[in-house]
Amino acid sequence: MSDLSKNEELILLAIWKLGDNAYGVTIRENFKQVTGRTLNYGSMYNTLYLLVRKDLITSSESEPQSRKGGRRRVLYHLAPGGRDALARAQRLHRSAWGGVPDLAREEKK
């Protein structure tokens, strides 16, 4: 399996954190919270499509929302391959950053 792009990793993390509430709007909001950047919908849905094709996530439709004219949401779920990919990314980050002093503390000096 190839390494994840930064957007793939952040979207997988959002899906994992959001659990049963992972759909387009909440994934996008989480991305903005974490990065401070707005992810455009086209880029996000393209990445979600690729993650489904790579068997890292699955999708399903929710029940219609209870309000009048309520629509169904496409919900995203972490697949076992997605969990494995996140674990590999986490190990890589820990290894790469191991032994590096805390840069936030260094800036304050």
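Restricting attention to region 12-45, report how many residues are over 19 Å from L75 (Cβ atoms), in contact (Cβ under 8 Å) with a residue 24 or more places away in the chain and in contact with a Leu (Cβ under 8 Å, 6 or more places away or on another chain). Break it down stepwise before answering.
Of the residues in region 12-45, the ones over 19 Å from L75 (Cβ atoms) are 32-38, 40, 42-43.
Those left that are additionally in contact (Cβ under 8 Å) with a residue 24 or more places away in the chain: 34-35, 43.
If we keep only those that are in contact with a Leu (Cβ under 8 Å, 6 or more places away or on another chain) too, we end up with 34-35.
Going through region 12-45 one residue at a time, the tally reaches 2.
If you go through region 29-48 and keep only what is farther than 22 Å from G81 by Cα and in a helix (DSSP H, G or I), you end up with E29, K32, Q33, V34, T35, Y41, G42. Note on region 1-26: residues that are aliphatic (A, V, I, L, M), part of a helix (DSSP H, G or I) and closer than 11 Å to L56 by Cβ total 3. For region 56-72, the condition of being within 26 Å of R88 (Cβ to Cβ), out of contact with any Leu (no Cβ under 6 Å at 6 or more places or on another chain), of a type in the set (A, V, I, L, M) and assigned to a helix (DSSP H, G or I) holds for none of the residues. Is it true that some residue in region 74-82 is assigned to a helix (DSSP H, G or I), at pLDDT 90 or above, over 22 Å from R28 (Cβ atoms) and within 21 Å of the chain's Cα centre (by Cα)? Yes, some residue in region 74-82 is assigned to a helix (DSSP H, G or I), at pLDDT 90 or above, over 22 Å from R28 (Cβ atoms) and within 21 Å of the chain's Cα centre (by Cα).
The values are calculated or read from the model by the stated rules, or taken from the named source; none is laboratory data. In this text, all values refer to a predicted model and were calculated from it rather than measured experimentally. Cβ atoms come from the backbone with ideal geometry, glycine included; neighbour counts cover every protein chain shown.
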